[in-house]
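The values are calculated or read from the model by the stated rules, or taken from the named source; none is laboratory data. What you see is a predicted model, and the numbers here were worked out from it, not measured in a lab. As a convention, Cβ positions derive from the backbone with ideal geometry for all residues, glycine included, and neighbour counts pool all protein chains shown.
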Amino acid sequence: MSKTDDLDLSRSRQLHARARRVMPGGVNASARYDPALEQPIFMERGQGAYVYDVDCHRYIDYNMSHGASLLGHGHPAVVAAVQEVLAKGILCAYETEIQVEVAEELLRLFPGHDLVRFTGSGTEATWHALRIARAYTGRMGVAKFEGHYHGVNDTVGFSCRPRLELAGEPTAPRPVPDSAGIPPENATRVTVLPFNDAAAVERLLRENGRLIAALIMEPINYDAQGLRPTPEFLRLVRDLTREMGIVLIFDEVLCGFRVRPGSAVADMGVTPDMTVLGKAVGGGLPLSVIMGRGDIMNACTPVGPALQSGTYNAHLMQVVGARAFLQEATKPEFYAHLNALGERLYSGMREIFDRRDIVAWVQGIGARFGLLFGLSEEPRNYRDTMRQDMGMMARFHLACLKRGVYLHHFSPHHGYSIAHTMADIEETLDVMDQAAQEIVR
Ligand SMILES: Cc1ncc(COP(=O)(O)O)c(C=O)c1O
């Protein structure tokens, strides 16, 4: 019997044994290996709000392909789009009219941006955006916030989840590499900033700013459980970067479209110089977006000196996915439904934890949320989140899993899709109530 006692994952375990012989660790993405189960769960398929594993369990999915499936699994509009490209050559990696149409729509939804390039993954988009910013400014340094994630990226692959004993003072964080194999000299070009600390950010940017090409940030830091900037902090970041000629890049790979059609922080009135998008915007197909002010984006080849190209840039599959997604996400009922689900889910979770005497903070922002056990107030930076009880988190995730609710193990963020119904949310809350009861027992 597996570690889940009464959840039989034996077929998954057999597949993992086989996979281990042909893939490192038996997985294709390390985040899919569940250390608590000592195996990944092999899924058979996704449909709407649900995923079905190879051992015949159905889960209400709160991972949703790490946020990429905001339309749910296999949305009919995306299925129709894929069918359309089957008749048009499938990949057909050339310039097409659909690219122009999607670019125009994105520029309408992200005011202050003039030009767009498409690529494949979030990692590629942040990587290209940083190169473009370096080419534009002629500077080689980058700045980032502690706790923010920008993909598997050697340039800013620092201090996403650093161990605190290595991370330096809270007001002057040290760059800690997120992986082995990142050239140590890259650390000399990275300035790590503490999120929501205006005085420290101003001091660090004034010290190093003239060497910094770009400051990249998650405007809503879902990768540290949904940290929000205060509006004053975000404005200060904008003012300082503008004053110092630093390109401000919003990495909205995860937070874009999560709250409204467009930027997650559109209400704060701050416009970056560049934005990168990924995940949801492709409707579940692998598309990412680099966009920005015209003078900056024109640093791209063939107009400017920064080589930007790629076999798979804007191939048909990607852009039809984005066109379908944008058509859905701009319908008035889309965010009305998402927000109604969120209100019920987040208030229901808070009520459960209160009633069960569990100290937990539900950080629900739009269609994605963080859940921090052991915290009774809103965290403002990565170090605040480090006070959470990870053991309780793991027990809660497992207790939900065996009752048919999939919260991705140890993930800093969870979320639902437009395919979830109010009945799914009620079923989830029932499960969470039982799971909460189990973990305090
Ligand atoms: C904010 C952010 N940026 C970039 C990435 C990298 O995207 P991808 O996994 O598509 O390379 C992620 C992925 O989780 C992300 O959350």
Unmet criterion (only one of (1) more than 14 Å from the ligand (Cβ to nearest atom); (2) within 23 Å of Asn208 (Cα to Cα)) for Pro272: (1)
In segment 136-160, what residues are under 23 Å from Ala103 (Cα atoms) and away from the ligand (no atom under 12 Å from the Cβ)? Tyr136
I'd like the residue in segment 16-51 that is of a type in the set (S, T, N, Q) and surrounded by 13 or more Cβ atoms within 10 Å (Cβ to Cβ) and, out of all such residues, is nearest to Met390 (Cα to Cα). Gln39
Restricting to segment 179-199, count the residues that are under 21 Å from Val247 (Cβ atoms), part of a helix (DSSP H, G or I) and either within 21 Å of the chain's Cα centre (by Cα) or not hydroxyl-bearing (Ser, Thr, Tyr) (or both). 4
Considering only segment 69-87, state which residues are in contact with a Leu (Cβ under 9 Å, 6 or more places away or on another chain) and part of a loop (DSSP other than H, G, I, E, B). Leu70
With the condition kept exactly as written, say whether any residue in segment 111-124 is of a type in the set (D, E, K, R) and within 15 Å of the chain's Cα centre (by Cα). yes
Mind telling me which of the residues Phe257, Phe233 ends up being on the phi > 0 side of the Ramachandran plot and of a type outside the set (Val, Ile, Thr)? Phe257
Do we find a residue being touching a residue at least 40 places away in the same chain (Cβ under 8 Å), among the polar types (S, T, N, Q) and either in contact with a strand residue (DSSP E or B) (Cβ under 7 Å, 6 or more places away or on another chain) or more than 16 Å from the ligand (Cβ to nearest atom) (or both) anywhere in segment 46-59? no
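Per-residue answers, yes or no, for (1) within 16 Å of the ligand (Cβ to nearest atom); (2) under 21 Å from Thr119 (Cβ atoms); (3) in contact with a Pro (Cβ under 9 Å, 6 or more places away or on another chain); (4) small (Gly, Ala, Ser):
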{"site": "Ala213", "(1), (2), (3), (4)": "no, yes, no, yes"}
{"site": "Glu232", "(1), (2), (3), (4)": "no, no, no, no"}
{"site": "Ile246", "(1), (2), (3), (4)": "no, no, no, no"}
{"site": "Phe257", "(1), (2), (3), (4)": "yes, yes, no, no"}
{"site": "Pro261", "(1), (2), (3), (4)": "no, no, no, no"}
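What number of residues within segment 91-118 are at positive phi and at pLDDT 95 or above?
Kept after step one, since they are at positive phi, are these residues of segment 91-118: 92, 112.
Cutting the leftovers down to at pLDDT 95 or above gives us 112.
Matching residues across segment 91-118 total 1.
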Kindly establish whether Gln318 is over 21 Å from the mean Cα position of the chain (by Cα) and touching a residue at least 12 places away in the same chain (Cβ under 8 Å). no
Name the pairs: first residue in segment 132-149 and more than 15 Å from Arg210 (Cα to Cα) and in the same structural domain as Leu166 (by TED's automatic domain parsing), second residue within 16 Å of the ligand (Cβ to nearest atom) and in a helix (DSSP H, G or I), Cβ to Cβ under 6 Å, at least 6 apart or on different chains? Glu146/Tyr382; Gly147/Ala224; Gly147/Tyr382; Tyr149/Asp223
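Conditions tested, residue by residue: (1) in the same structural domain as Thr311 (by TED's automatic domain parsing); (2) surrounded by fewer than 21 Cβ atoms within 10 Å (Cβ to Cβ); (3) part of a loop (DSSP other than H, G, I, E, B).
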| site | (1), (2), (3) |
| --- | --- |
| Gly89 | yes, yes, yes |
| Ala103 | yes, yes, no |
| His113 | yes, no, yes |
| Phe118 | yes, no, no |
| Ala129 | yes, no, no |
| Val156 | yes, no, yes |
| Pro162 | yes, no, yes |
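Which residue out of Thr123, Thr119 is in contact with a His (Cβ under 7 Å, 6 or more places away or on another chain) and within 13 Å of the ligand (Cβ to nearest atom)? Please lay out each step first, then the result.
Details: Thr123 fails: in contact with a His (Cβ under 7 Å, 6 or more places away or on another chain).
Selected residue: Thr119, the only one of Thr123, Thr119 that is in contact with a His (Cβ under 7 Å, 6 or more places away or on another chain) and within 13 Å of the ligand (Cβ to nearest atom).
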Output the residue which, of all residues in segment 201-235 that are touching a Lys or Arg at 6+ places or on another chain (Cβ under 7 Å) and part of a helix (DSSP H, G or I), is nearest to Ala264 (Cα to Cα). Tyr222
Just a yes or no: is a residue in segment 93-101 in the same structural domain as Val276 (by TED's automatic domain parsing), away from the ligand (no atom under 16 Å from the Cβ) and in a strand (DSSP E or B)? no
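Name every residue in segment 182-196 that is among the charged types (D, E, K, R) and either closer than 21 Å to Leu248 by Cβ or crowded, with 20+ Cβ neighbours inside 10 Å (or both), in order of residue number.
Step one: list which residues in segment 182-196 are among the charged types (D, E, K, R), which gives 185, 189.
Once the filter is applied, which keeps residues that are among the charged types (D, E, K, R) and either closer than 21 Å to Leu248 by Cβ or crowded, with 20+ Cβ neighbours inside 10 Å (or both), segment 182-196 yields only Arg189.
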Taking segment 122-164 and keeping residues of a type in the set (Ser, Thr, Tyr), in contact with a helix residue (DSSP H, G or I) (Cβ under 8 Å, 6 or more places away or on another chain) and over 19 Å from Glu252 (Cα atoms) leaves Tyr136
Tally the residues that are surrounded by fewer than 24 Cβ atoms within 10 Å (Cβ to Cβ) and of a type in the set (Ser, Thr, Tyr), restricting the search to segment 241-290. 2
